[in-house]
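**Q** Here you go, one structure.
The values are calculated or read from the model by the stated rules, or taken from the named source; none is laboratory data. Values in this document were obtained by computation on a predicted structure and should not be read as measured data. Note: ideal-geometry Cβ built from the backbone for every residue, glycine included; neighbour counts use all protein chains shown.
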Amino acid sequence: MAKRNQSSVSQGVDWLLIWMYAILVGIGILCIFMVEYKPGTDVFSTFISGKTNYSKQLIFAGVCMIMATFIILSDSKLYTAFANLMYAFGILLMMATFVIGKSINGSKSWIPLGGGFNLQPAELCKIFTALALAKYMSRQETNFTRSKSQIIGVILALSPAILSHFQHEDGLALAYLSFFIALYREGLPPQVLIIGASVGVLVIATLVVDANVLAVSLTIIAIALLYFMKKLIKRNKKIVTIIISLWVICVGFQRFAVPFIFNNVFECYQSTRIYSMVGKDYDCSMNKHQAKSANKPIKKPDDYNVRQSKIAIGSGGLIGRGFLKGTQTRGKYVPEQHTDFIFTSLGEAFGFIGCTLFLLLYLGMLLRIVQIAERQRSAFSRVYAYSVASIIFFHITVNVCMTIGLFPIIGIPLPLISYGGSSLLTFTILIFILLKLDSDRQMVLR
């Protein structure tokens with residue numbers, strides 16, 4: 001009887017994804033240990049002390065194991081039944097941080113739980129948003145080819161992002177943009193992604209190129225389009241209106257909107273980090289937020305974190321310095337090296353080859369999740385699976401690019417690797433709900 005119950009519980013569970021998850025969690029604890037280990041200390045006692053970050057991460061992993069077991073033993077229908085309620089709870093929890101939240105590193109997005117542990121609702125709300133999107137997209141009355149349905153889907157995805165922005169957690173706010181990948185898979189017009197990418201390119205061009213030169217360049221492009229499309233214009237005069245309108249929007253955006261956003265919406269340090277990414281200096285005296293605190297000494301942020309991160313990763317060379325032999329990460333030269341910059345410990349210890357194998361493991365996990373998504377009968381399970389893949393992909397890409405200077409520092413953790421209970425718990429729940437839904441993939445969930 002026991003064997004029969006055990007086989008029924010594990011039946012249909014994708015063990016390959018579980019092994020990938022377990023290996024990554026183990027690598028994360030190992031990386032945190034590498035940057036915090038002190039020679040001469042008793043490794044076993046420090047691992048069970050609960051005082052070091054790697055021992056706390058081990059405790060977090062134990063809690064996540066219990067949560068994962070609970071999810072596997074649960075009923076898949078629970079996630080469809082309570083998806084909307086959990087989303088509402090997540091939004092309320094994020095709003096509660098404005099009242100009872102604890103400020104950490106300038107971000108009031110944490111709720112203290114006692115014992116030195118804190119909960120970040122914006123992390124957990126990723127789970128609730130993924131479930132709510134899956135619930136909405138799987139409804140029979142939802143027609144995602146209609147603009148109304150698309151707008152509702154976008155609102156569901158971006159509402160937590162807006163709250164994260166007001167909590168000064170713009171990194172987590174950007175993470176919610178990853179849901180657009182799942183929405184695109186379900187029929188969101190590609191024009192939306194093209195417009196978004198074009199806006200990003202225009203912003204970068206505005207930072208890199210002189211304003212007048214860029215305006216002249218955009219004018220030349222518009223004139224060239226009018227010239228080369230003159231045959232089409234003879235057939236349809238509306239093309240002229242479209243090209244001229246786009247030219248006005250682009251020039252107005254780069255001349256007025258971008259400076260306004262950097263000087264009035266972003267904090268001084270945020271603008272500085274984005275400017276430093278493209279090799280430019282930002283004048284904080286132009287920032288409205290900096291002007292409000294003029295009585296405080298102006299401390300201009302620089303690219304110190306990124307420079308130290310590059311030095312640490314570069315010192316690893318091809319094969320790395322070896323386990324516990326890193327001079328940069330163990331010397332505490334890299335700020336936040338156990339959280340946002342944990343990738344530097346891998347780069348210094350195991351070099352280019354080690355980092356490549358590590359990223360291939362991530363790639364294997366993402367491909368496996370996509371494979372799981374495509375074999376689902378239920379739209380609910382498929383949308384949820386793509387949401388999970390999108391979130392993990394976004395975090396990996398941004399975090400790695402951040403540590404090597406290809407993206408501004410926005411505080412995005414590396415999935416399952418960076419220190420933090422909220423982050424580890426979030427990704428654990430995301431993955432194991434997916435595993436539970438996949439084990440019941442013969443059911444049609446709504």
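**Q** Suppose we filter K288, K300 for residues that are at pLDDT 75 or above and either within 28 Å of the chain's Cα centre (by Cα) or farther than 19 Å from I396 by Cα (or both); which single one remains?
**A** K288
**Q** Quick check on the stretch 428-443. Is at least one of its residues in contact with a Gly (Cβ under 6 Å, 6 or more places away or on another chain), in contact (Cβ under 8 Å) with a residue 60 or more places away in the chain and surrounded by fewer than 19 Cβ atoms within 10 Å (Cβ to Cβ)?
**A** Yes, the conditions are met somewhere in the stretch 428-443.
**Q** Would you check if I223 is within 24 Å of V154 (Cβ to Cβ) and either assigned to a helix (DSSP H, G or I) or in contact with a Ser or Thr (Cβ under 9 Å, 6 or more places away or on another chain) (or both)?
**A** Here the answer is no, as I223 does not meet what is asked.
**Q** A follow-up question, please. Consider only pairs whose beta carbons are under 6 Å apart and that are at least six residues apart or on different chains; among these, list those whose first residue lies in the stretch 132-157 and is under 11 Å from L183 (Cβ atoms) and without any contact (Cβ under 8 Å) to a residue 40 or more places away in the chain and whose second residue is of a type in the set (F, W, Y) and surrounded by 11 or more Cβ atoms within 10 Å (Cβ to Cβ).
**A** Final answer for the pair search is A157/Y176; A157/F179.
**Q** Give just the number: which of (1) part of a helix (DSSP H, G or I); (2) modelled with pLDDT under 90 does Q376 not satisfy?
**A** With respect to (1) part of a helix (DSSP H, G or I); (2) modelled with pLDDT under 90, Q376 is out only on (1).
**Q** Turning to a different aspect of this structure: For the stretch 20-83, please list each of the helices (runs of 4 or more DSSP H) lying entirely inside it that holds at least 2 residues being of a type in the set (S, T, N, Q) and within 28 Å of the chain's Cα centre (by Cα).
**A** Hits in the stretch 20-83: 53-73.
**Q** List pairs: first in the stretch 75-101 and under 15 Å from I433 (Cα atoms) and without any contact (Cβ under 8 Å) to a residue 60 or more places away in the chain, second among the β-branched types (V, I, T) and surrounded by 13 or more Cβ atoms within 10 Å (Cβ to Cβ), Cβ under 8 Å, 6+ apart or cross-chain?
**A** M86/I127
**Q** Have a look at G405, G420 and point out the one that is surrounded by fewer than 20 Cβ atoms within 10 Å (Cβ to Cβ), small (G, A, S) and out of contact with any Cys (no Cβ under 9 Å at 6 or more places or on another chain).
**A** G405
**Q** Okay, next question. Take the stretch 199-219 and flag every residue that is part of a helix (DSSP H, G or I), more than 15 Å from I249 (Cβ to Cβ) and of a type in the set (A, V, I, L, M, F, W, C).
**A** Of everything in the stretch 199-219, those that are part of a helix (DSSP H, G or I), more than 15 Å from I249 (Cβ to Cβ) and of a type in the set (A, V, I, L, M, F, W, C) turn out to be I204, L207, V208, A211, V213, V216.
**Q** Residues of the stretch 327-358 being at pLDDT 75 or above, surrounded by fewer than 21 Cβ atoms within 10 Å (Cβ to Cβ) and not in a helix (DSSP H, G or I), which ones?
**A** P335, E336, T339
**Q** Let me ask something else. Going through A257, A224 one at a time, which residue ends up being under 25 Å from L207 (Cβ atoms) and surrounded by 15 or more Cβ atoms within 10 Å (Cβ to Cβ)?
**A** Result of the check over A257, A224: A257.
**Q** Here are some residues: G187, G196. Which one is small (G, A, S), in contact with a Phe, Trp or Tyr (Cβ under 9 Å, 6 or more places away or on another chain) and in a loop (DSSP other than H, G, I, E, B)?
**A** Unique residue meeting the criteria: G187.
**Q** Okay, moving on. Looking only at the stretch 307-326, how many residues end up being surrounded by fewer than 24 Cβ atoms within 10 Å (Cβ to Cβ) and either of a type in the set (V, I, T) or closer than 16 Å to S418 by Cα (or both)?
**A** 2
**Q** Let me ask something additional. Across the stretch 359-375, what is the number of residues that are under 19 Å from I391 (Cα atoms) and surrounded by fewer than 21 Cβ atoms within 10 Å (Cβ to Cβ)?
**A** Final tally of qualifying residues: 11.
**Q** Same structure, new question: A96 - would you say it is in contact with a Ser or Thr (Cβ under 8 Å, 6 or more places away or on another chain), in a helix (DSSP H, G or I) and either of a type outside the set (S, T, Y) or not assigned by TED's automatic domain parsing to the domain that holds K135 (or both)?
**A** No: the conditions fail for A96.
**Q** Would you point out which residue out of I417, I433, I409 is out of contact with any strand residue (DSSP E or B) (no Cβ under 7 Å at 6 or more places or on another chain), part of a loop (DSSP other than H, G, I, E, B) and farther than 15 Å from S309 by Cα?
**A** I417
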